[in-house]
Amino acid sequence: LCSVVSTGLSAYRDKTTISNFAAAGAFTGALFRMHLGLQGLAGGVVFGTAFGVPAGGLLMAMYGLAGETLQEKRSRERRELYEQKLAEWQSRLSMTEILGQTESNAQGRPEMETTREL
């Protein structure tokens, strides 16, 4: 659940920060301690935040050591997908133009042949 909240915040804000992990930890801790009342809810927020910050920092450090952050990876993948779809679209468009020219040439030939016969 914590990763769902963290990923949702990262996708919504389009960046990954420690505060995303802190908020995700606080939300998850509060959710799991909610049955204990208001004191349990508050304790869950504190406990979740206390564990969310170091866990998030560790994950961000690991991505930093890998050479590419999660945000950079997402941006790169989006850009590659966009370029691929653009190339496919341009290929289909050129094929459509070629087919259109072929069709107009095929329709034009009988008329030319009838004028030559006259």
Quiz item: In region 20-58, which residues are in contact with a helix residue (DSSP H, G or I) (Cβ under 8 Å, 6 or more places away or on another chain) and closer than 17 Å to THR69 by Cβ?
Solution: ASN20, PHE21, ALA55, GLY56, GLY57
Quiz item: If you take the residues of region 34-87 that are under 23 Å from TYR12 (Cα atoms) and of a type in the set (Lys, Arg), which of them is least open to solvent (accessible area, probe 1.4 Å)?
Solution: ARG74
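Give me a count of the residues in region 4-36 that are of a type outside the set (Val, Ile, Thr), touching a residue at least 40 places away in the same chain (Cβ under 8 Å) and part of a helix (DSSP H, G or I). Walk me through how you get there before you give the answer.
Of all residues in region 4-36, those of a type outside the set (Val, Ile, Thr) come to 6, 8-15, 19-27, 29-36.
Imposing the further condition that a residue be touching a residue at least 40 places away in the same chain (Cβ under 8 Å) reduces the set to 6, 10, 14-15.
Next cut, part of a helix (DSSP H, G or I) only: 6, 10.
Residues in region 4-36 being of a type outside the set (Val, Ile, Thr), touching a residue at least 40 places away in the same chain (Cβ under 8 Å) and part of a helix (DSSP H, G or I): 2 in total.
Looking only at region 37-92, which residues are in a helix (DSSP H, G or I) and hydroxyl-bearing (Ser, Thr, Tyr)?
Let us first name the residues in region 37-92 that are in a helix (DSSP H, G or I), namely 38-66, 70-92.
THR49, TYR63, SER75, TYR82, SER91 - these are the residues of region 37-92 that are in a helix (DSSP H, G or I) and hydroxyl-bearing (Ser, Thr, Tyr).
The values are calculated or read from the model by the stated rules, or taken from the named source; none is laboratory data. The model shown is predicted, which means the values in this text are computed figures rather than measured ones. In this analysis, Cβ positions are derived from the backbone assuming ideal geometry, glycine residues included, and neighbour counts consider all displayed protein chains. To get the accessible areas, we keep the full protein, side chains included, count just its heavy atoms, and leave off ligands, DNA and RNA. Shrake-Rupley method; radii C 1.70, N 1.55, O 1.52, S 1.80 Å.
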